[in-house]
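Single-structure report; data block below.
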Amino acid sequence: MSTKKENDMGAFADKVVLVTGASRGIGREVALAFARDGAHLILAARSADRLAQVENEIRELGSQALSVPTDVTSRDAVTALVDAATSRFGRIDVLVNNAGIGKVGPIETATFEDDVRQTLQASLFGMINVTQGVLPVLRLQGSGTIVNMSSVMGRKAFSRFGSYAIVMHAVSAFSDSLRQEVNGGNIRVSVIYPALTGSDMLREAAEAEMPPPFRHMTPLQPEAVARAVVSAAQHGKRRVVLPRTANMLLLGEAVSPRVGDLIAKALTFRPIAKLLGMSRGKTYHETISSRPNPV
Ligand SMILES: NC(=O)c1ccc[n+]([C@@H]2O[C@H](COP(=O)([O-])OP(=O)(O)OC[C@H]3O[C@@H](n4cnc5c(N)ncnc54)[C@H](OP(=O)(O)O)[C@@H]3O)[C@@H](O)[C@H]2O)c1
């Protein structure tokens, strides 16, 4: 385990990083990765117990941590979060807007509209709330970085992921506008577009409900996404797609939806998914079934 002294030499030594959705999955790994690089963390999510566990893990790495149980869809809760962060640390250098949910189901299901509304509420309006809460702090400081979590599906939708893809496209557009609005100051905006990642997000979706290409895909490790977030914040990258080979899909889609659809369909065939580095080991359901069920 690295000590505080080693952490002090990290790229984020004594920087203050606020991560939403830090109680598990990608957000937890993002918080730990910044702590390993010397940062102090403000952790936000709804589950107080899990946040407290992550807070302890960060302290063990030699960094300071403050967990603030927060529902990002509540403006009052977000105001309290930003107040708690600035009272404790006096500044916020990096905001990682990671909290979110995802649902799987075809557009013709009765719950589709509700799925869109719920996902918009948590993943988009939550992001807008937190961004609007933190931006005045960054403006006052004259510097800061915002990293927003989208998905490959924020640039190319897949069947059965309509509700999620709608919201991830919205996150992408929000981030694009924001980056241009803050342009000229010392505030940077990055967007991360990961492919399927091994977290609890889709635990409730049965394997058969997933779109065919996803059934044999090997998910990214949350740690790999976390490293990409830290690197994006460090180098001010505007856009990061993970894995890099997913750029071929996005390039195909940019040329024509026919080409995009063809690539999406081709991924249904395991040898092609293997060739593109997207099917290299355990499937999503094999990955999550080997972990204890979250309580
Ligand atoms: N897993 C994937 O395949 C994948 C791929 C691309 C992008 N992403 C994106 O990555 C982000 C993290 O997802 P994950 O895979 O790590 O999922 P996860 O394990 O389900 O974690 C989601 C996190 O968001 C928090 N959260 C959800 N609703 C919230 C709310 N209203 N207020 C505050 N916190 C809330 C959850 O904490 P509480 O329940 O404690 O509130 C949890 O910490 C999401 O934005 C997701 O869209 C995921």
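What follows draws every value from the coordinates through simple rules; no lab data is involved. In this text the structure is predicted, and so the values were computed from the model without any measurement.
Residue by residue, the stretch 129-146 carries 3J(HN,Hα) couplings of 4, 5, 4, 5, x, 8, 3, x, 5, 5, 4, 5, 6, x, 6, x, 10, 10 Hz when phi is fed to the Karplus relation 6.51 cos²θ - 1.76 cosθ + 1.60 (θ = phi - 60°); x denotes Gly or Pro.
For the stretch 4-289, what is the number of Lys pairs with C-alpha distance below 29 angstrom, counting only pairs 8 or more positions apart or on separate chains? For the stretch 4-289, the number of qualifying lysine pairs is 18. Compared with the dominant principal axis of the Cα atoms in the chain, helix 257-266 is inclined by about 80°. Using only Cα atoms, tell me the angle between helix 162-182 and the longest principal axis of the chain; keep it within 0 to 90° and round to the nearest 10. Between the helix axis and the principal axis of the chain, the angle is about 40 degrees. Rounded to the nearest 500, the 222 nm mean residue ellipticity of the chain from helices alone is -14500 deg cm²/dmol, with -39,500 (n - 2.57) taken per DSSP H run of at least 4 residues.
Annotation: amide H-H contacts under 5 Å for LEU202 (H modelled 1.01 Å from N, sequence separation of 5 or more, or interchain): none.
Near the amide H of SER67, within less than 5 Å, lie the amide hydrogens of LEU43, all on another chain or at least 5 residues away, with H placed in the peptide plane. Most simply put, the chain has about 5% antiparallel DSSP beta bridges, counting only bridges with both residues inside it. Between 0 and 90 degrees, the angle of helix 75-89 with respect to the longest Cα principal axis of the chain falls at about 50 degrees.
Between amide H atoms placed 1.01 Å from N, distances below 5 Å from THR145 occur with VAL94, LEU95, ARG188, all of them 5 or more places distant or on a separate chain. In order along the stretch 190-198, the Karplus-derived 3J(HN,Hα) couplings, from 6.51 cos²θ - 1.76 cosθ + 1.60 at θ = phi - 60°, round to 10, 10, 10, 10, x, 7, 3, 10, x Hz, and Gly and Pro are given as x.
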